[in-house]
Amino acid sequence: MAWETIVQFLGVAILLTVMPGPDNLFVIAQSVSHGKKAGVIIALGLCSGVILHTLAAALGISAVLYSSAFAFQVIKFAGAAYLLYLAWQAWKEPAGALITGDAPALKPGALFRRGILMNVLNPKVSLFFLALLPQFVTPGRPEASLHMIFLGLVFMVQAILIFTCFALFAGSVGVRLSNRPGAGGVVKSGKVMLYALLGIRLVFVEK
């Protein structure tokens, strides 16, 4: 694979990663309320999901998903239900429970699962990789699948770096907010609204 192709793909990947979307908003929300370490772990979970989507695109599984209306709907509603569950969990948190600092309130494994489920249960991500990766490989070549996997890894690495920057910044904002009366309630309300809106939005996603 030519270096020019890799550089072009990296530029597109960075642009797409920094644009506001469910994943980076999720990292920011978790970092503000649970601290920067929690945000970094969430980011690792989200980006681990990229591996699965890349393999699915390279092996043709995403194409099967796209062609099956039933499979698409199942994954879509599972993802929406999970986001609404997170909204409910956030609603049950005490209004003043703005947790900041370096120690996440949730266990690392639970945070990682949140991230990977958030990514894997979004059928739009599968379709995104199915549409993006083939544009940077030569179709029909024996090594096309390997090139797609390589590009998926490139996407994952840059996403981890960018999401980590988001987590560190948002975690610092959370520390400052913790010193302000009523900030915990505002963050809680913001999280509930964000998760609920993302879940409702996913319900109406079409192929």
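Rounded, prolate or oblate: which fits the stretch 1-76 when a ≥ b ≥ c are the square roots of the eigenvalues of the alpha-carbon gyration tensor, with rounded for a/c under 1.5 and prolate only if a/b beats b/c? Note, shape of the stretch 1-76 comes out oblate.
Per DSSP H run of n ≥ 4, the term is -39500 (n - 2.57); total these for the chain, divide by its residue number, and report the mean residue ellipticity at 222 nm rounded to 500 deg cm²/dmol.
-26500 deg cm²/dmol
For the peptides 15-22, 129-136, the ranking by packing is 129-136, 15-22, with the highest mean count of neighbouring Cβ atoms within 10 Å listed first. Residues whose amide H falls under 5 Å from that of VAL205, counting only those 5 or more places apart or on a different chain, are absent, with hydrogens built in the peptide plane.
Label-to-label distance, TRP3 versus GLN135, with points set 7 angstrom from Cα along the beta-carbon direction: 2.4 nm.
Quick check on my link table: of LYS37/LYS107; LYS124/LYS188; LYS76/LYS124; LYS36/LYS76; LYS92/LYS124, which ones sit more than 18 Å apart, alpha carbon to alpha carbon? If you can, show how the numbers build up before the last one.
Details: LYS37/LYS107 11 Å; LYS124/LYS188 27 Å; LYS76/LYS124 8 Å; LYS36/LYS76 29 Å; LYS92/LYS124 29 Å.
Violating the 18 Å limit, Cα to Cα: LYS124/LYS188; LYS36/LYS76; LYS92/LYS124.
Charge dipole (Cα centre; +1 on Lys/Arg Cβ, -1 on Asp/Glu Cβ; no other charges) of the chain amounts to roughly 620 debye.
Peptide packing: for 137-146, 113-122, 79-88, the average count of neighbouring Cβ atoms within 10 Å per residue gives the ranking 113-122, 79-88, 137-146, highest mean first.
When each of VAL27, VAL154 is scored by the number of other beta-carbon atoms lying within 10 Å, the sequence from fewest to most is VAL154, VAL27. Rounded to the nearest 0.05, what FRET efficiency is calculated for ALA69 and ALA144 with R0 set to 35 Å and r the Cβ-Cβ distance? Result of the calculation: an efficiency of 0.85. In terms of other Cβ atoms within 10 Å, THR5, THR164 run from fewest to most in the order THR5, THR164.
FYI, it's all coordinate maths here, none of it is from the lab. Model, not experiment: these values are computed from the prediction. Note: ideal-geometry Cβ built from the backbone for every residue, glycine included; neighbour counts use all protein chains shown.
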